[in-house]
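For reference, the structure discussed in these notes is given below.
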There are 4 protein chains.
Amino acid sequence: MYSFKNDYSEGAHPRILNALMETNLVQEDGYGEDRYSLEAIGQLKQRIGRDDIEIHFLAGGTQTNLTAISAFLRPHEAAIAAHTGHIMTHETGAIEATGHKIISIEVENGKLTPAHLKEALDGHTDEYMVKPRLVYISNSTEIGTIYKKDELEQLKSFCEKNHLMLFMDGARLGSALCSSLNDLELSDLPNLVDAFYIGGTKNGALIGEALVICDASLKEDFRFHMKQKGALLAKGRLLGIQFLELFRDNLYFDLALHANKMAEILKDEMGKEKVKFMVDSPTNQVFPILPNSLVLELQQKYSFLVWEKVDSEHSAIRLVTSWATNENVVWDFIEDLKRLLKKYL
Amino acid sequence: MYSFKNDYSEGAHPRILNALMETNLVQEDGYGEDRYSLEAIGQLKQRIGRDDIEIHFLAGGTQTNLTAISAFLRPHEAAIAAHTGHIMTHETGAIEATGHKIISIEVENGKLTPAHLKEALDGHTDEYMVKPRLVYISNSTEIGTIYKKDELEQLKSFCEKNHLMLFMDGARLGSALCSSLNDLELSDLPNLVDAFYIGGTKNGALIGEALVICDASLKEDFRFHMKQKGALLAKGRLLGIQFLELFRDNLYFDLALHANKMAEILKDEMGKEKVKFMVDSPTNQVFPILPNSLVLELQQKYSFLVWEKVDSEHSAIRLVTSWATNENVVWDFIEDLKRLLKKYL
Amino acid sequence: MYSFKNDYSEGAHPRILNALMETNLVQEDGYGEDRYSLEAIGQLKQRIGRDDIEIHFLAGGTQTNLTAISAFLRPHEAAIAAHTGHIMTHETGAIEATGHKIISIEVENGKLTPAHLKEALDGHTDEYMVKPRLVYISNSTEIGTIYKKDELEQLKSFCEKNHLMLFMDGARLGSALCSSLNDLELSDLPNLVDAFYIGGTKNGALIGEALVICDASLKEDFRFHMKQKGALLAKGRLLGIQFLELFRDNLYFDLALHANKMAEILKDEMGKEKVKFMVDSPTNQVFPILPNSLVLELQQKYSFLVWEKVDSEHSAIRLVTSWATNENVVWDFIEDLKRLLKKYL
Amino acid sequence: MYSFKNDYSEGAHPRILNALMETNLVQEDGYGEDRYSLEAIGQLKQRIGRDDIEIHFLAGGTQTNLTAISAFLRPHEAAIAAHTGHIMTHETGAIEATGHKIISIEVENGKLTPAHLKEALDGHTDEYMVKPRLVYISNSTEIGTIYKKDELEQLKSFCEKNHLMLFMDGARLGSALCSSLNDLELSDLPNLVDAFYIGGTKNGALIGEALVICDASLKEDFRFHMKQKGALLAKGRLLGIQFLELFRDNLYFDLALHANKMAEILKDEMGKEKVKFMVDSPTNQVFPILPNSLVLELQQKYSFLVWEKVDSEHSAIRLVTSWATNENVVWDFIEDLKRLLKKYL
């Protein structure tokens, strides 16, 4: 049984484990004040091309979202998110647990536009309603789509005019930036969003997200918030060492490129067989629509999520590739699928 | 410069890193449903000798405290803690941030007694005050002392009679259970407390605490609370693999025994030199009282915390030993100290 | 300018002010333990026909909703509400501020059905999502519709089978129970919902809602929650005296009947003129759809809310009647409207 | 049985009820936007002598404390309070329920000094602890003492130098400002504190506290916070009308003067009999220390709180006077006490 269930099925890229091995007995200060974390922060600032940003390492996506959003908002302020947004759907009310409503916007392809934001603002006009204040977007989104540079520019411009913060969940930022359709650089982001994070967990790290705070007004006392939310690891080195390795050269992007390439093979080959997709996703998640009986048979050999029912006979499944996906297995999968398509179509 | 600052200055015990290496490319389900976590839970249940307990792995102590305590309490209920308790002093209001007051009790040696609990109950008698409901203790405590079995029995008995839950922070449980003064077994704990955790971070793991929920009424839906607080790691295997290794044989206790032994050498040798201690702590934290000028000179070669001012000429310092403490350095330290004592006394 | 903006534009029914006058200098205990509050509770229990319910008086609707819902739910549990529900739209995130998500369900006429609840349950199936636990309904609803007995029975039955609590916001319960379409008695409610409240503020009291907790498991320590949320008035007598007066005889229902009768005149007479309505509401809120220019002219003499744009030429307005609405003014309004309809149609 | 239990045993001053009567059927906007509230705010601003302050009316003390403090603080920030402070002891954890720790300082006479604040700051030095940010004081305090002008100036000066806000709970501000020892004017307060409130409930109103926000940075969006906490009354007129009446002339101060005068008679006459006091309180709370058996006999005729045990034979009781206290009864009480003192001493 091979798993295409998610991009965190394996451990970490071997270079990361090696880095942990090599540094293992060096004594360091705790809570992110170790030399590796500091060095990793310096390296990332250089990579991003900005020295005035603040970077913190946290363990996972939900933790990063809840720590940042609750730090950034006052009690009556709300986040705006796509109805498919991770904070809206799959974080067990983590944001609300910190006291903040999420204004959910029905969207088509996982992405918010200025028109969506306007809709949220128009619906929240006085003190009997929460005050929309932070816009939560994911890149790549929960269904694999990405934001183009001009889309972000438009969002940013709308946000600036309307006293909104723009926050980008980058749990799968690697895959987004390495998409063939992408036109963003890491160094563009501080100009386009007020804060974002660079996801490690889903791109080859054991754990770890690098939160980048771009807007100066959001930096103050951030480590207090991290500690309060249980997000300051005693052995913060564990995060620093990993990011240091991921961005020492191009490893972070190489891993994402591999994941995307594996997804592209899946899409291309399925496309040749006239398979349709729930959404056109240029990253490491693929959502083919297949006959239910075929899905059942595929599940004998591969594990993946059945994402949604399309009609009484068909379902969209989700195939996720990663830095660790074995290309041979991808081709085996394609072979198996072709065979089954003949049988079931 | 050698550090006695804390017990999380190094990475992890090499066997743990090896275990991570060996399992690295095996595909597993996420969020703690991997085979390693399940196996580690089974192993721990066997070690504890109870099958009706529930075990969850979390990343760190503050996270475990806030997730458990907020899950266990209703909004108007409060925790009782020693004024030195970690949740009271060093977690940036993490418990209050989940909505709960901590009733602080002034104590002598870091430990709560039934008399302390009675004091808290007597001071909280009606609906204009919070309702004391959970007793938070640490073992070993924040100043290195431990609870004896009969002390816990008395606490437990008082708690049962007074509708209080007893929760043990075990960030340093290894050191407590391996203290020469200890008379508790791991298997005693489910009879003595309603929930406790087995600290990994401070005893050789990279990260990780194993929360053991003993009281059946506290188990329901606990994973929801973990996810909501950002405490469900996508790669939960990282925690499972470590605990599996720590309790595969006696590694967890061997590491704590080493830490304690190193502390004992420090205490014994300093005792021979008539050094006095702030507190008599039978675990891996040692609090000698030394002349300020001597402290300054020691700091040229060793790093440690200056814990508190004792008088205008003396301070108590904190020396922490761990699984990784080098015995040779301990003896060097003793040598250096003896020399300095001659100079400054 | 006469106001049809809401049902809290005036002070209180004169009998209530008289009761406050008469009791004014009697010394009483504070915080709802005065004789009037106790007597009012006894009287209400008799009226409801149940001695095993618990009754608390709170100041207003938002306060009652947030105090009750946060007391009833554990941190990971969520409320389900219609997208038009008051807690979802007009309470500035009061429920989320206590830590709980509201699952919003798109509805037609302000009302939830078992099918809606099933939709919410089907969408929340594991620990990565909040756990739906409390169903919030309003009677009458925010757009004036009411629940029939069999509709509540179906909801209750679904809730019982699915471990859901049913909570009824009764800010306008008087108007609902006095609707010509209503088939519910006050005494039916404890069998149909787990908790509800009897709104005073919008039916002739100065302030005050009587929260009735029917489910035994929800009663424990409720006064603690009230105090914590700032909802225990020092002079609780202010609430007790009012409810005592409202339910001493039929005053509460007489006031609601008057409000409904005034609304009925408005509907009937507008209906005769072929005016269409946004929703068919059998209580004290009326939502006629009128030409925008007519609305503008009406606003010269009457104040009311423009509820929503219907098309480029028409808007629905909201007219609210109350215990204090002057019947003569209602007829004047109808005359004016008829005149304007001739002009604008 | 006559009650000296508290200053909210009766209803409201008759002029207030008359004002409610007279305005009763006037139609007004809801939620504090009625003409009476607006007029009352204007009148208070004039009385305070500042136009740049912002004033909001809330229902009670706990509600005002929790709404203001949670609006003013960011999540990691804490309040500093005397261990006798109302928010620390008698509000069921209302502040913690909004997420904030209260740093409790042991004090002698209910009052905080700069030395106390320094102690709190010295104990909170890094991100592992909450950040002290708001100083909560009460005037008069919970045990009847008051702040002199120079004491407030010293606090204010310390706060300004240390980035602390100064917040004054004025539930009994009337009694404080009318104390014979007082040297403060209402108009001094905006220069001395960042926010304070003028308590109505304990000085002749049915309900109501007037929160005055002096620091410009604390004003933004305050009505959002009120609505979210259930503190915006639909019939806000109820609060406005009362404050309008209380400050139309000198009524507010006349009522407080009467309360203080009654307390002074009690103190003077008991002093003549050599009765000792737990604390020297120059306001409307008196704390005589009496033999237990005398206390028991007094309780046959008068109700009051037994405040604390002084020794095995004596207790301090609390006698509270108010605007409504009957002077004849005060003299009766003195007579009875003298008689009992002869019997028991």
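Worth a mention:
- Fewest-first sequence of A:Met262, B:Met21, A:Met1 by Cβ atoms within 10 Å of each Cβ: A:Met1, B:Met21, A:Met262
- In the elastic network of chain A, a GNM with C-alpha springs shorter than 10 Å, the most mobile of A:Leu266, A:Leu211, A:Leu186 is A:Leu186.
- Which of D:Leu117, B:Leu25, D:Leu257 has the fewest Cβ neighbours within 10 Å, and the rest in rising order: B:Leu25, D:Leu257, D:Leu117
- Inter-site label distance for C:Glu308 and B:Lys309 at 7 Å from Cα along Cβ, in nm: 6.7 nm
- Average beta-carbon neighbours from other chains, 10 Å sphere, peptide B:233-240: 6
- 7 Å along Cα→Cβ, label-point gaps from C:Gly49 to other copies, nm, shortest first: 5.9, 6.5, 7.6
- Computed helical MRE - 222 nm, chain A, DSSP H runs ≥ 4 contributing -39500 (n - 2.57), nearest 500: -12000 deg cm²/dmol
- Inter-part distance, region D:88-163 to region C:1-55, computed on C-alpha centroids, equals 38 Å.
- Partner shielding of C:63-76 amounts to 5, given as the average count of beta-carbon atoms from other chains within 10 Å of each residue beta-carbon.
- Exceeding the 24 Å Cα-Cα cut-off - candidates C:Lys156/D:Lys235; C:Lys202/C:Lys235; C:Lys111/C:Lys267: C:Lys156/D:Lys235
- Centre separation in Å (Cα based) which lies between region A:57-81 and region C:259-309: 44 Å
- Fewest-first sequence of D:Thr125, A:Thr89 by Cβ atoms within 10 Å of each Cβ: D:Thr125, A:Thr89
- The overall shape of the protein assembly as shown is oblate: from the C-alpha gyration tensor, with semi-axes ordered a ≥ b ≥ c, the ratio a/c is 1.5 or greater and a/b is no larger than b/c.
- Radius 14 Å from Cβ of D:Leu239, net charge of other residues (Lys, Arg +1; Asp, Glu -1): -2
- Position A:Arg35, label points 7 Å along Cα→Cβ, spacing to each other copy in nm (shortest first, one decimal): 4.0, 7.7, 8.1
- Ordering of A:289-296, A:318-325 by packing is A:318-325, A:289-296, highest average first (other Cβ atoms within 10 Å, averaged per residue).
- Model label sites at C:Val279 and B:Val279, defined 7 Å from Cα along the beta-carbon direction, differ in position by 6.1 nm.
- Inter-copy spacing of C:Asp268 label points, which lie 7 Å from Cα along Cα→Cβ, given in nm from shortest upward: 7.0, 7.7, 10.1
- Charge sum, other residues only, whose C-beta stays under 12 Å from C:Lys131's C-beta, Lys/Arg counted +1 and Asp/Glu -1: 0
- Volume in Å³ per residue [convex hull over Cα atoms, computed for region A:98-177]: 99 Å³
- Cα centroid separation, region D:172-231 to region A:324-345 (Å): 72 Å
- Distance (nanometres) between label positions extended 7 Å along Cα→Cβ at A:Asp254 and B:Glu327: 4.3 nm
- Mean per-residue shielding of peptide D:218-227 is 5, counting Cβ atoms of other chains within 10 Å of each Cβ.
- Positive-pole candidate from D:Leu211, D:Ser138, D:Ala40, dipole of region D:14-246, charges at beta carbon: D:Ala40
- 14 Å Cα-Cα reach of C:Lys343 towards aspartates and glutamates, excluding residues that sit fewer than 8 places from it in its own chain: C:Glu273, C:Glu297, C:Glu335
- Cα gyration tensor of region C:203-251 - equivalent ellipsoid semi-axes, whole Å, descending: 22, 15, 8
- Rounded, prolate or oblate (a/c below 1.5 giving rounded, otherwise prolate when a/b exceeds b/c) for region C:49-170 by Cα gyration tensor: rounded
- Using a Förster distance of 35 Å, the FRET efficiency for A:Met1-C:His163 (Cβ separation, nearest 0.05): 0.55
- Judged by the gyration tensor of its Cα atoms, with axes a ≥ b ≥ c, region C:14-246 is prolate; a/c meets the 1.5 cut and a/b is the larger of a/b and b/c.
- The protein assembly as shown - share of DSSP beta bridges that are antiparallel (%, nearest 5): 55 percent
- Under 13 Å, Cβ to Cβ, from C:Leu152 - net charge with Lys/Arg +1 and Asp/Glu -1: -4
- Scanning chain D for the beta carbon that comes closest to the axis linking it by rotation to C yields D:Ala59, 3, distance in whole angstrom.
- DSSP bridge pairs, region B:14-246: antiparallel proportion in percent, nearest 5: 40 percent
- Within region A:162-205, backbone nitrogen closer than 15 Å to the virtual label 7 Å beyond the Cα of A:Lys148 toward Cβ: A:179-185
- Unsatisfied cross-links (Cα-Cα over 23 Å) in the set C:Lys149/D:Lys227; B:Lys261/B:Lys338; A:Lys148/A:Lys261; A:Lys148/B:Lys227; A:Lys161/D:Lys131: C:Lys149/D:Lys227; A:Lys148/B:Lys227; A:Lys161/D:Lys131
Computed from the coordinates by the stated procedures, all read-outs in this text should not be read as laboratory data. The model shown is predicted, which means the values in this text are computed figures rather than measured ones. Note that each Cβ is placed from the backbone with ideal geometry, even for glycine, and that neighbours are counted across all protein chains shown.
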